[in-house]
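Worksheet for the structure shown next.
Derivation of every value follows stated rules applied to the coordinates shown; laboratory data play no part. For clarity, every value in this text was computed on a predicted model and none was experimentally measured. Positions of Cβ are backbone-derived with ideal geometry, glycine not excepted, and every protein chain shown enters the neighbour counts.
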Amino acid sequence: MEREQERTRARMRRHHRRRMIRRAYLVFKSWYNLNTSEEHDEWARESAVRLGDIMQNCSCMWCGNPRRHFSEESEKLTWREKKFLIGMREQIDDFLNDGKNSQRTVFPGVYKLD
């Protein structure tokens, strides 16, 4: 039974690898508007096999995360991340102040409260 499952997993893994290589090949042909010459076709197939697993050509600012490259420093966090940080700050302040002081503690360089 185990041996049959291993064969099935291997078969699915090979199937998905071929599928991603085929997809990468079509993407390369569309990106570079390749004609049907043998030289260009061979190059597209080699590139598809090489990059079929990751499907990412590079990590430049145009291909990467736009939030990382094109945002101001204050806009790099999503609203969920900001909400999480506010909750963490409140918990730290409550822990450090033990409810003695209603003013918030500000840790220099870590965060500033508006």
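Neighbour counts of other C-beta atoms within 10 Å: give me V49, V27 arranged from fewest to most.
V49, V27
At a Förster radius of 30 Å, what calculated FRET efficiency corresponds to the Cβ-Cβ distance of R22 and R80, to the nearest 0.05?
Given R0 = 30 Å and the Cβ-Cβ separation, E is 0.25.
If you rank W31, W79 by fewest surrounding Cβ atoms within 10 Å, what's the result?
Result, fewest neighbours first: W79, W31.
Quick check on the exposure proxy: order I21, I54 from fewest to most C-beta atoms within 10 angstrom.
Starting with the residue having the fewest Cβ neighbours, the order is I54, I21.
Please give me the summed charge of the neighbours of G87: other residues whose Cβ is under 12 Å from its Cβ, Lys and Arg +1, Asp and Glu -1.
Overall, the nearby charge balance is 0.
Expressed as a fraction of 2.2 N^0.38 Å, the rule-of-thumb size for a compact globular protein of N residues, what is the C-alpha radius of gyration of region 1-57?
My calculation over the Cα atoms of region 1-57 gives 1.43.
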